[in-house]
Amino acid sequence: MNEQSSPPKKHVRTLFLSDIHLGTRGCQADMLLDFLDHHDADKIFLVGDIFDGWRLRRGWHWPQAHNNVVEALMAKAHAGTPITYIPGNHDEVMRSYLGTHFGGIEVKAKDEHVTACGERLLITHGDQFDVVVMNAKWLAHVGDRAYNTVLLLNTWVNRVRRLWGGQFWSLSNWAKQQVKRAVNFIGEYEGVLADEARRGGFDGIVCGHIHKAELCRVDDVLYVNCGDWVESCTAIVEHHHGKLQLIDWARTVRRSEHRKKVRARAQAQAPKVDFDTEHVTETAV
Ligand SMILES: [Mn+2]
């Protein structure tokens, strides 16, 4: 990336990352490397599904960029940043190494963190809480096209049923309910995790797993989801004053690249123009 257009390097108190899925084609390793280049932290939490053992078993996909991510994290650990690795369901093989250290990285089933504001946060990947509602998750991804196919199918199913003198049964209605369940899934997941924090007397919970970054309050409890580096490129940082912030790195990069273009155009038109290069940040909660 062009240095002039690059967002400035930041030092944060804490960095939370989850669902990187190294070892899969979907992993946005280059984006993550860029993010790690721009962020140093006093403490790093890896909140599960850092690599994808399920996929590795089926087919090896491990390009150099995935090595570079591991090396970048190891380098930060080597430079003195404590890193805690909380395994998820895709890298559950790491659950056999709970309590061990490797290269400055400690493996724990779950952990807690106290922010500079004094808020106590429970940190867990979150897969253990989705048992009830997980079945409908895939439907959230199929979207409109599948729904339209179901509608078309429904017409034919009912035509056949009528020929046979059968009752009218709405396949589209059934599909609609499934999609609604999938949308509800995210809300239910957030609610269940907030409950877990509340039960433990925590002020909030940091998790991952559903690939949906979030930083919000569920009633009295802070719900923080790191998102992922597959479908989106998101992370949670805690600034030195204790405020948490959701960073959408893809958006940040897009904006800075856009700024590069705008600046280039402005310079072409008026070479002496003084362009503000201040990096745009996401809104903090
Ligand atoms: Mn997971």
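The values are calculated or read from the model by the stated rules, or taken from the named source; none is laboratory data. As the structure is a computational prediction, the values presented were derived from the model and not from experiment. Backbone-built Cβ (ideal geometry, glycine too); neighbour counts: all protein chains shown.
Quick rundown of the values:
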| item | result |
| --- | --- |
| Yes/no for G59 being away from the ligand (no atom under 16 Å from the Cβ), over 23 Å from K108 (Cα atoms) and modelled with pLDDT under 95 | yes |
| Where A41 falls short, out of the listed (1) within 16 Å of the ligand (Cβ to nearest atom); (2) over 17 Å from G88 (Cβ atoms) | (1) |
| Of all residues making up region 239-263, the number that are over 30 Å from T115 (Cα atoms) and surrounded by 14 or more Cβ atoms within 10 Å (Cβ to Cβ) | 4 |
| Scope region 49-105; condition small (G, A, S) and within 17 Å of T14 (Cα to Cα); matching residues | A72, A75, A77, A79, G80, G104 |
| Per-region count, region 179-228, residues in contact with a strand residue (DSSP E or B) (Cβ under 8 Å, 6 or more places away or on another chain), away from the ligand (no atom under 16 Å from the Cβ) and part of a strand (DSSP E or B) | 7 |
| G165 being at pLDDT 70 or above and loosely packed, with under 11 Cβ neighbours inside 10 Å | no |
| Strands (runs of 3 or more DSSP E) wholly inside region 1-109 that include at least 3 residues being touching a Leu at 6+ places or on another chain (Cβ under 8 Å), surrounded by 14 or more Cβ atoms within 10 Å (Cβ to Cβ) and not aliphatic (A, V, I, L, M) | 39-46 |
